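Here's the structure, in structure tokens; my notes come after.
The values are calculated or read from the model by the stated rules, or taken from the named source; none is laboratory data. What you are looking at is a predicted structure, and each value in this text was computed from that prediction instead of being measured. FYI the Cβ positions are ideal-geometry reconstructions off the backbone, even for glycines, and counts take in every protein chain you see.
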Amino acid sequence: MNIDQFSAEDFHVQTLGDCAITTPLVHTYDTPDYSHDFAKDDQRVLFDASVEGFRKAVESGEEPISFEVAGPREKIYFTPANTKAAIVTCGGLCPGLNNVIRSIVMGLYYRYGVQNIVGIPYGYQGLNPAYNHKFINLDPEVVKDIHLFGGSILGSSRGQQDIGVMVDTLVRNNVNMLFTIGGDGTLSGAHAIAEEIKRRNLKIAVAGVPKTIDNDVNFIQKTFGFETAFTTAAPILRDAHNEATGAYNGVAIVKLMGRDSGFIAANAAMAMPDVNFVLVPENPFELEGPHGFLPELKKRVQEKKHALVVVAEGAGQNLFENLSEEEVKKDASGNIRYKDIGLFLKDKITEYLTKEGMDPTVKYIDPSYIIRSKAANASDSIFCSKLALNAVHGVMAGKTDFVVGRWHHSFTYLPIPVCTKTRKKININGDLWWSVLETTGQPPMMK
């Protein structure tokens, strides 16, 4: 991430107005000993917590970039009894969606006394009356067991909807706060909704809970579902390794999620260190030549008689023929539909090793949709709950057009635009990638 393109001011979160209402969290148990530990708006977490970064800030005399600390405020903006909240999940499925929905409902209902809560079905489609999707009433009884299941009880969808129409729907249904759970496209949509709300001078708060299984949201150390994803992938890699070793000159290829960032592939490989090659979008490679992938794979198979290759879905797109702008296909969210690198590698590996007289057995495994629909593991479940509750605290304090994240082990509030400007990627000169190289033994560059 290029921090130089931002200023300290870019990281200040918008609010709907002054907070004048004493939060219900004060003296929850009618005794000062049990009052909540409140956060303040001027509490911030430094982006760069190093001594070098501190000295640089002192020398420049400029305010260092920092993020607002998340958490409950002693004064809130909304009157709970008069407040209506809405929750929407968008984009692809991801472990933990139901956990976030549940925790938002529980936090609003029990912590703040907001009892008018609805779910918007099938993503942003649910805010467009043309689809005739009916809102779903949510309360603790409805959501009590949903964390046990993968997917989203609200359903999801991709694609853009008319911003004005969506805001009209919020106004018509007297919604005061909108919780959007999704990735880059969802957050961009949430920002557009917040901008239209601001243009109309409405008092509706918009919050984002970052959902991307690829872990590629800027200025957020981890997104929910990511840990469940690579934890679920690890035993699949073990089984793929067993498959590869079960055949003479056996090669197993496992394709994992990661359109533009290879965090799942990298972490799954380190969690199951039987992987011999990890191919990610951040590190382009060539098939042949002195340092090409195929010659390196051949060396491995000749020596050990088997190999396990993990490839992120967005890796190796440079190996396909360039298409004209008219030929490039996109999904409903406007993302380019990448070519299937897994099938491509299966064919190329089989062709190359056969030509080299090695008679290979090549197996290709794509567990992506199984992983996406898993229920959250224990660690992700806790993380989802904390993200959701901090989103609730922020919205109740009148904060808007923000996303809740975590940085240096603290939960934070960030303006949505700074998180969607670019994607977080693996630094191929950093510790994560070099740990992958040391685990797999593959050469740093295959060109």
Total residues in region 216-253, condition assigned to a helix (DSSP H, G or I) and not β-branched (Val, Ile, Thr): 15
Tally of residues being over 19 Å from GLY250 (Cα atoms) and either of a type in the set (S, T, N, Q) or in a helix (DSSP H, G or I) (or both) across region 286-301: 0
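Matching residues to (1) crowded, with 17+ Cβ neighbours inside 10 Å; (2) closer than 23 Å to ILE204 by Cα:
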| position | (1), (2) |
| --- | --- |
| SER379 | no, no |
| PHE383 | yes, no |
| MET396 | yes, yes |
| HIS408 | no, no |
Total residues in region 176-199, condition touching a helix residue (DSSP H, G or I) at 6+ places or on another chain (Cβ under 7 Å) and of a type outside the set (Gly, Ala, Ser): 11
Members of region 89-106 that are part of a helix (DSSP H, G or I) and either modelled with pLDDT under 95 or surrounded by fewer than 22 Cβ atoms within 10 Å (Cβ to Cβ) (or both): MET106
Of the criteria (1) touching a Leu at 6+ places or on another chain (Cβ under 8 Å); (2) buried (at least 19 other Cβ atoms within 10 Å of the Cβ); (3) assigned to a loop (DSSP other than H, G, I, E, B), which one PRO444 fails: (2)
Residue match in region 13-31 (condition: modelled with pLDDT under 90 and either under 26 Å from ILE428 (Cα atoms) or not in a loop (DSSP other than H, G, I, E, B) (or both)): no
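Considering LYS425, LYS399, which residue is of a type in the set (D, E, K, R) and in contact with a Phe, Trp or Tyr (Cβ under 8 Å, 6 or more places away or on another chain)?
It is LYS399.
Any idea which residue in region 191-215 is farthest from HIS409 (Cα to Cα), counting only those that are assigned to a loop (DSSP other than H, G, I, E, B) and out of contact with any Gly (no Cβ under 8 Å at 6 or more places or on another chain)?
Among residues in region 191-215 that are assigned to a loop (DSSP other than H, G, I, E, B) and out of contact with any Gly (no Cβ under 8 Å at 6 or more places or on another chain), the one farthest from HIS409 (Cα to Cα) is ARG200.
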Residue that is nearest to the chain's Cα centre (by Cα), among those in region 307-325 that are surrounded by 23 or more Cβ atoms within 10 Å (Cβ to Cβ) and not in a loop (DSSP other than H, G, I, E, B): ALA312
